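*Asks:* Quick one: structure below, then a few questions.
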Ligand SMILES: Cc1cc2nc3c(=O)[nH]c(=O)nc-3n(C[C@H](O)[C@H](O)[C@H](O)COP(=O)(O)OP(=O)(O)OC[C@H]3O[C@@H](n4cnc5c(N)ncnc54)[C@H](O)[C@@H]3O)c2cc1C
Ligand code: FES
């Protein structure tokens with residue numbers, strides 16, 4: 001089940017830049033648009049996504065190859081991945097509520113949003129399709145999260161600047177945000193083709 | 001057939017494992033056991049189940065901390081000093097804490113979670129705050145948007161309030177508002193009758209509490225409230241008073257005037273009551289009558305908007321306009337200001353008073369909103 005073409009480092013790099021899950025695959029758009037109003041929340045959400053993406057990719061790898069495949073149950077993978085992600089997020093929320101009120105304040109409001117973040121499910125599904133090894137999966141999960149963070153933090157920074165910019169009336173708010181997202185996606189297209197990831 | 005069974009069993013097993021894991025986490029992480037809260041160096045000690053908000057824990061044990069937002073962290077009224085066990089100050093609290101308050105461990109009790117034993121200090125007046133059951137005696141529409149709610153206190157039967165203070169009305173869940181909420185309303189009635197209270201409540205479009213009061217509450221209903229709260233009350237001096245009210249902000253001022261009438265006060269006092277049109281004025285007869293009973297009192301309604309064809313020989317413009325003219329002539333030194341109502345009006349008026357030399361410690365107000 002090893003994908004022979006790419007090393008783990010390569011996959012990490014690709015997931016951050018050339019195949020950014022947000023700007024190349026357009027996954028996780030809703031929270032990207034909703035929470036990127038300022039830098040601080042962008043960083044908070046980015047951190048939460050990176051953490052959850054890394055760990056759930058690893059758990060889903062184990063569940064898929066050690067439970068679903070041997071039992072011939074791979075047709076259950078969507079629902080299983082979703083349940084695992086949701087349960088994990090809930091668990092993390094409980095733990096940080098108990099042990100770190102500060103982290104809870106920073107991440108608490110974002111965690112529920114992540115339960116249904118399609119980028120996180122997307123990464124779990126891609127790793128199966130691309131037949132990654134465990135190490136590759138973890139690299140892919142972390143890279144996906146870092147890439148997503150990079151995109152939302154860039155967007156947060158741009159939107160902070162936009163608050164002071166003379167945006168045409170009709171474009172204010174969601175309009176200009178979508179235009180900016182489109183331009184960022186175009187910019188990231190410059191990387192495409194550097195690494196072939198299917 | 002076997003495949004289906006294996007599928008069902010595997011899925012059920014997996015879900016069961018996750019559910020068990022979450023149950024265990026709930027048990028291990030979210031059970032804080034019993035905590036002991038010691039108030040004012042052991043003056044009172046409460047033992048209760050931990051984990052919830054300090055504000056709620058205290059209220060469940062008969063100690064009511066002022067709060068106008070019902071624990072959402074948006075009013076900043078629920079301050080107490082947490083001497084030990086409060087953990088770190090949260091970012092939601094910092095906007096409400098002055099540098100001195102931050103230093104002496106003042107916290108918002110709705111943001112502090114009672115997760116371990118706590119030692120706190122509260123002003124002793126707070127012990128006077130109680131929860132009441134009351135019956136709605138009468139409902140009267142004073143204007144299109146203002147409704148007077150008069151209630152008889154049932155249990156306990158008397159409230160020792162200072163005129164100017166407010167109560168928290170507990171609004172039960174109703175269609176369109178799934179959770180109970182509580183909101184602050186100033187007492188409009190005077191101190192002569194301690195067994196009933198009246199409030200003046202302005203309808204706020206889509207407001208949870210005000211919609212309930214205007215559309216659902218009926219005479220004879222039993223309701224719950226707590227009080228009295230607040231530091232807005234008459235100061236015992238001889239200084240000339242300038243009183244300013246907009247909308248239902250008239251309520252606590254009326255209560256103060258009734259207190260002055262009861263004490264046969266000769267203090268000089270002028271009330272400026274700002275509304276849009278004559279239709280928005282209320283309690284006019286009572287205020288006229290008070291002018292008769294209080295030799296130093298004058299009532300000045302100020303309309304911002306006189307419709308065409310209506311005659312009005314009183315003041316017009318912003319409520320602050322006639323006050324400005326008065327202060328221009330007399331200056332502000334030695335006067336006290338009492339304001340209630342719309343926060344925008346209060347901000348503008350406080351700024352003006354300070355410009356005319358009324359010092360900040362002589363300006364008293366309650367912002368509604
Ligand atoms: C110390 C104090 C004393 C008060 N005394 C009185 C009183 O005597 N009479 C009285 O009518 N009110 C008084 N208020 C205001 C009252 O507590 C509520 O805030 C108000 O009635 C709205 O409650 P709601 O549940 O209907 O609206 P909510 O459901 O809380 O709010 C609905 C929407 O209306 C907005 N909103 C809230 N309040 C206002 C407002 N005042 N004007 C315009 N928009 C608003 C909110 O931002 C929200 O978007 C007092 C407030 C304080 C802090
Ligand atoms: S109750 Fe309003 S801020 Fe705490």
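The values are calculated or read from the model by the stated rules, or taken from the named source; none is laboratory data. This structure is a prediction, so every number in the text was calculated from the model and none was measured. Here Cβ is always computed from backbone atoms with ideal geometry, including for glycine, and neighbour counts include all displayed protein chains.
*Asks:* Of the numbered conditions (1) crowded, with 17+ Cβ neighbours inside 10 Å; (2) closer than 18 Å to residue A:102 by Cβ, residue B:94 satisfies every one except a single condition; which is it?
*Replies:* Against the list (1) crowded, with 17+ Cβ neighbours inside 10 Å; (2) closer than 18 Å to residue A:102 by Cβ, residue B:94 comes up short only on (1).
*Asks:* Give the residue that is surrounded by the most Cβ atoms within 10 Å (Cβ to Cβ), with candidates limited to residues of region B:64-91 that are over 25 Å from residue B:129 (Cα atoms) and more than 12 Å from ligand 2 (Cβ to nearest atom).
*Replies:* The qualifying residue surrounded by the most Cβ atoms within 10 Å (Cβ to Cβ) is B:89.
*Asks:* Against the definition (modelled with pLDDT of 90 or more, within 26 Å of residue A:96 (Cβ to Cβ) and either crowded, with 16+ Cβ neighbours inside 10 Å or within 14 Å of chain A (Cβ to nearest Cβ) (or both)), how does residue B:24 come out, yes or no?
*Replies:* Considered against the rule, which asks whether it is modelled with pLDDT of 90 or more, within 26 Å of residue A:96 (Cβ to Cβ) and either crowded, with 16+ Cβ neighbours inside 10 Å or within 14 Å of chain A (Cβ to nearest Cβ) (or both), residue B:24 comes out as yes.
*Asks:* Looking at A:113, A:102, A:121 in this structure, which one is under 14 Å from the mean Cα position of the chain (by Cα) and at pLDDT below 90?
*Replies:* None of the others qualify; the one that does is A:113.
So that you can scan it fast, the table gives a plain yes or no per residue for (1) within 16 Å of ligand 2 (Cβ to nearest atom); (2) over 20 Å from residue B:369 (Cα atoms):
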{"residue": "B:169", "(1), (2)": "yes, no"}
{"residue": "B:173", "(1), (2)": "no, yes"}
{"residue": "B:177", "(1), (2)": "no, no"}
{"residue": "B:182", "(1), (2)": "yes, no"}
{"residue": "B:187", "(1), (2)": "no, no"}
{"residue": "B:192", "(1), (2)": "no, yes"}
{"residue": "B:195", "(1), (2)": "no, yes"}
{"residue": "B:201", "(1), (2)": "no, no"}
{"residue": "B:209", "(1), (2)": "yes, no"}
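*Asks:* Among (1) surrounded by fewer than 17 Cβ atoms within 10 Å (Cβ to Cβ); (2) more than 17 Å from residue A:116 (Cα to Cα); (3) more than 14 Å from chain B (Cβ to nearest Cβ), there is one condition residue A:18 misses while meeting the rest; what is its number?
*Replies:* (1)
*Asks:* Quick one: what pairs do we get from region B:60-84, first residue within 14 Å of another protein chain (Cβ to nearest Cβ) and more than 19 Å from residue B:366 (Cβ to Cβ), second away from ligand 2 (no atom under 13 Å from the Cβ) and part of a strand (DSSP E or B), C-beta under 8 Å, 6+ apart or different chains?
*Replies:* That search, which allows pairs on different chains as well, returns B:82/B:118; B:82/B:119; B:82/B:120.
*Asks:* I'd like to verify a number: residues in region B:218-232 that are assigned to a loop (DSSP other than H, G, I, E, B) and more than 12 Å from ligand 1 (Cβ to nearest atom), how many?
*Replies:* Count: 4.
*Asks:* Among the numbered criteria (1) buried (at least 21 other Cβ atoms within 10 Å of the Cβ); (2) away from ligand 2 (no atom under 16 Å from the Cβ), which single criterion is violated by residue B:221?
*Replies:* Evaluating residue B:221 over (1) buried (at least 21 other Cβ atoms within 10 Å of the Cβ); (2) away from ligand 2 (no atom under 16 Å from the Cβ) leaves (1) as the failure.
*Asks:* Would you tally the residues in region B:162-196 being within 11 Å of ligand 1 (Cβ to nearest atom) and either within 14 Å of chain A (Cβ to nearest Cβ) or buried (at least 17 other Cβ atoms within 10 Å of the Cβ) (or both)?
*Replies:* Number satisfying all stated conditions: 15.
*Asks:* Tally time: how many residues in region B:96-123 are under 19 Å from the mean Cα position of the chain (by Cα) and more than 16 Å from ligand 1 (Cβ to nearest atom)?
*Replies:* Within region B:96-123, the first condition is being under 19 Å from the mean Cα position of the chain (by Cα), and the residues that meet it are B:96-97, B:107-111, B:122-123.
Right, trim to more than 16 Å from ligand 1 (Cβ to nearest atom) and you get B:97, B:107, B:109, B:111, B:122-123.
Total meeting the criteria: 6.
*Asks:* How do the pairs read when you match residues in region B:89-110 that are closer than 9 Å to residue B:73 by Cβ with residues anywhere that are within 16 Å of ligand 1 (Cβ to nearest atom) and part of a helix (DSSP H, G or I), using Cβ under 9 Å and keeping only pairs 6 or more apart or on different chains?
*Replies:* Pairs found: B:108/B:55; B:108/B:96; B:110/B:55.
*Asks:* Now for a separate question. Inside region B:142-165, can you point out the residues that are modelled with pLDDT of 95 or more and in a strand (DSSP E or B)?
*Replies:* B:146, B:147, B:148, B:149, B:150, B:151, B:152, B:153, B:154
*Asks:* So, of the residues in region B:250-270 that are in contact with a helix residue (DSSP H, G or I) (Cβ under 8 Å, 6 or more places away or on another chain) and within 16 Å of ligand 1 (Cβ to nearest atom), which turns out to be nearest to the other protein chains (Cβ to nearest Cβ)?
*Replies:* Only one residue tops the list, namely B:254.
*Asks:* Which one of these is more than 14 Å from ligand 2 (Cβ to nearest atom), farther than 21 Å from residue B:168 by Cβ and crowded, with 20+ Cβ neighbours inside 10 Å: B:30, B:118?
*Replies:* Being more than 14 Å from ligand 2 (Cβ to nearest atom), farther than 21 Å from residue B:168 by Cβ and crowded, with 20+ Cβ neighbours inside 10 Å holds for just one of B:30, B:118, which is B:118.
*Asks:* For residues that are within 13 Å of chain A (Cβ to nearest Cβ) and out of contact with any helix residue (DSSP H, G or I) (no Cβ under 6 Å at 6 or more places or on another chain), scanning just region B:86-107, find the one that is farthest from residue B:209 (Cα to Cα).
*Replies:* Here the answer is B:88.
*Asks:* Just to be sure before I move on: is residue B:242 part of a strand (DSSP E or B), away from ligand 2 (no atom under 16 Å from the Cβ), within 22 Å of residue B:67 (Cα to Cα) and over 15 Å from the mean Cα position of the chain (by Cα) in the structure I sent?
*Replies:* In short, no.
*Asks:* Looking only at region B:174-193, how many residues end up being farther than 11 Å from residue B:251 by Cβ, touching a strand residue (DSSP E or B) at 6+ places or on another chain (Cβ under 9 Å) and outside any strand (DSSP E or B)?
*Replies:* Number of matching residues: 1.
*Asks:* Tell me which residues, restricted to region A:95-108, are more than 23 Å from residue A:119 (Cβ to Cβ) and facing chain B (nearest Cβ under 7 Å).
*Replies:* A:98, A:101, A:102, A:105
*Asks:* To continue, here is another question. Residues of region A:69-88 being at the interface with chain B (Cβ under 9 Å from one of its Cβ atoms), surrounded by fewer than 21 Cβ atoms within 10 Å (Cβ to Cβ) and without any contact (Cβ under 8 Å) to a residue 24 or more places away in the chain, which ones?
*Replies:* Of everything in region A:69-88, those that are at the interface with chain B (Cβ under 9 Å from one of its Cβ atoms), surrounded by fewer than 21 Cβ atoms within 10 Å (Cβ to Cβ) and without any contact (Cβ under 8 Å) to a residue 24 or more places away in the chain turn out to be A:71, A:72, A:73, A:75, A:76, A:79, A:83.
*Asks:* Now a separate question. When you scan region B:60-79, do you find a residue that is under 17 Å from the mean Cα position of the chain (by Cα) and more than 16 Å from ligand 1 (Cβ to nearest atom), even just one?
*Replies:* Yes, that holds for at least one residue.
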